[in-house]
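Bear in mind these aren't lab numbers, they're just calculated from the coordinates by the rules spelled out. Values in this document were obtained by computation on a predicted structure and should not be read as measured data. Cβ placement follows ideal geometry from the backbone for every residue including glycine, while neighbour counts extend to all protein chains displayed.
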Amino acid sequence: MLLQLLRKYTQYSDEELVMKFQASKDSYYAGLLFERYNEMTVSLALNYLKNESDAEDAVMECFELLYKDLKTAEVKNFGGWYYSVVRNHLLKLKRSRRRNQGDELIEGFHDQEHGEGLFDQLFNHREEEINELVKEVLESLKPIQSQCVEAFYLNDKSYKEISMELAISEKEVKSHLQNGKRKFKIELEKRNVKSVNEIS
């Protein structure tokens, strides 16, 4: 029965379903959109989390994010928008799990609740202005600090992976990350940036 109902609405484009959902807030339309991109969501979840049970939970969380965020989001290309939602959520889950499995927290900016939130927002956001700011601040760091910060936050690499790639010890990786993030924070403060919303 469900498949028959889904087929009934295959003639609608993503954009039409987005408009119907935003006008009615009916979860049915969100469900149709989610179903269209379910295979992509599952594939990404398995690729990032490497665990079927975790992936199943993440897929349902992605639907909840879709339903919540799509109510007010300005979406021109649903596929691209939803891909970013899924990818950013999976990156956060992967980082959280990696830290819970034994990666020690780095002292300083990374350990501060508000600072960490801003830092994660900067590296998870994809607006052009924020990308430019991140690039500008990264260039102000020492090359080794910039490499470590970019590898850890933008490329989601572990301490061990960065250590092997740069031919330095994991202890050095953590030190460069700590110092790089402190410098990053200082550069943001010079620009009076305390929130992603202030960047324009």
Sorted by chain and number, the residues with a modelled amide H under 5 Å from that of Lys157, at a separation of 5 or more or across chains, are Phe152
Interchain or sequence-distant (5+) residues whose placed amide H lies within less than 5 Å of the amide H of Tyr12 are none
R0 of 41 Å, Cβ-Cβ distance Thr72-Glu132: FRET efficiency to nearest 0.05: 0.95
Among the listed pairs Lys71/Lys157; Lys160/Lys183; Lys76/Lys181; Lys135/Lys190, give every one whose C-alpha distance is greater than 27 Å. Lys71/Lys157; Lys76/Lys181
I need the shape label for segment 2-100. Rule: rounded when a/c is under 1.5, else prolate if a/b > b/c, else oblate, with a, b, c from the alpha carbon gyration tensor. prolate
